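Asks: I have a structure I would like to understand better, so I am pasting it below and will then ask my questions one at a time.
The values are calculated or read from the model by the stated rules, or taken from the named source; none is laboratory data. Every value quoted in this text rests on a predicted model; they were computed, and no experiment measured them. Cβ coordinates were reconstructed from backbone atoms using ideal geometry, including for glycine residues, and neighbour counts include every protein chain displayed. Calculation scope for accessible area: heavy atoms of the full protein, side chains included, ligands and nucleic acids excluded. Shrake-Rupley method; radii C 1.70, N 1.55, O 1.52, S 1.80 Å.
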Amino acid sequence: NAGAERERLLSGQLRARAEADAANRRLADALESVSDGFVSLDRDWRYVYVNQRAAETFGRTREQMIGKHIWTEFPEGVGQPFYHAYHKAMEEQTFVFLEEYYPPYDRWFENRIYPSADGISIFFHDVSERKRAERALQTTEAQLHDLLTQLWRAQEAERLRISREIHDELGQMLTGVKMDLRWLERKLSEPGTPPEFNPLLDRTVAASELNDQTIATVQRIAAALRPTALDQLGLVAALTQAA
């Protein structure tokens, strides 16, 4: 009976070990199949697992890294944001997400750092292409903003030029016409003017009124093209006044 019991226990241990080995193989296969780099560090900061993608990223083999101290292998990383993030996850036993530039490699990396009682596990991947695309987009947006600003300024300068021409030149000509019409109106209104000139007086008065309306229209158009408040008070005040 004792022998049978020992055999049963041994069989159970072997079966449990086989199941554990199979589970470890499945886990290793899964970690090798992911597109992220993956490393696991013990509490002494030594590598206990490095997948192939991580080894390729570091330019080393897994055999060269397993059992090695991370900060001995990568002393240039001490003091970097990744260094502080790893320590935070380890010491506070909290998940940490970090996306940061790593100067020694001239790359951007996204890190997901998971703590455990045995150390930390890190999934990471290179996001440099995305960051470069984001920077290119920001540069393009800044250039577009500058171009639109230049275009707006050019349009405002042209509007100002047209406004001044309308207000100054056309306004002066209409004012001259107004003075002539008023002079003619006074002459035609003097005592002793023959009655046959009365229709001419009426036409002169009507022309003078039309000229006044034209002057008002010209002033309105000039103000719409370039509000005086824009020069005196600025854009916000001009828009408020226009509203």
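Asks: Between Phe95 and Thr139, what FRET efficiency follows from the Cβ-Cβ distance if R0 is 25 Å, with the result rounded to 0.05?
Replies: The formula returns an efficiency of 0.15 here.
Asks: Which aspartates and glutamates, if any, have their Cα less than 20 Å from the Cα of Lys187, not counting same-chain residues under 8 positions apart?
Replies: Glu196, Asp202, Glu209, Asp212
Asks: Sum up the charges of everything whose Cβ sits under 12 Å from the Cβ of Gln172, counting Lys and Arg as +1 and Asp and Glu as -1, but leave Gln172 out.
Replies: On the way: positive: Arg164, Lys178; negative: Glu165, Asp168, Glu169.
Counting the neighbours of Gln172, the net charge comes to -1.
Asks: What accessible area, in Å² to the nearest ten, does a 1.4 Å probe give for Ser40?
Replies: 20 Å²
Asks: Let me ask something else. Using Cα positions and a limit of under 25 Å, work out the lysines in reach of Lys68, with same-chain residues fewer than 8 apart set aside.
Replies: The qualifying lysines are Lys88.
Asks: Then there's this: Over region 85-202, with the other protein chains present, what is the accessible area per residue in square angstrom, probe 1.4 angstrom?
Replies: 70 Å²
Asks: Quick one: pull the percent of accessible area on region 81-180 belonging to carbon and sulfur, 1.4 Å probe, ligands and nucleic acids left out.
Replies: Heavy-atom surface of region 81-180 belonging to carbon and sulfur, 1.4 Å probe: 56 percent.
Asks: Extending each Cα 7 Å along its Cβ direction at Glu76 and Asp42, get the distance between those two points in nm, one decimal.
Replies: Inter-label distance under the simple model: 2.8 nm.
Asks: Would you kindly state how much longer the chain becomes between Glu209 and Glu185 on full extension, computed as 0.36 nm times their sequence separation minus their alpha carbon distance, in nm to one decimal? Let's see the in-between values first.
Replies: Values: separation 24, 0.36 × 24 = 8.64 nm, distance 1.14 nm.
Here the answer is 7.5 nm.
Asks: With each label point set 7 Å from Cα along the Cα-Cβ vector, what nm distance links Ala216 and Ile66?
Replies: My value for the distance between the label points is 9.5 nm.
Asks: Between Thr175 and Lys131, what's the calculated FRET efficiency when r is the beta-carbon distance and R0 is 51 Å? Round to 0.05. It would help to have the intermediate numbers written out before the result.
Replies: Numbers: r = 64 Å, r/R0 = 1.25.
Result of the calculation: an efficiency of 0.20.
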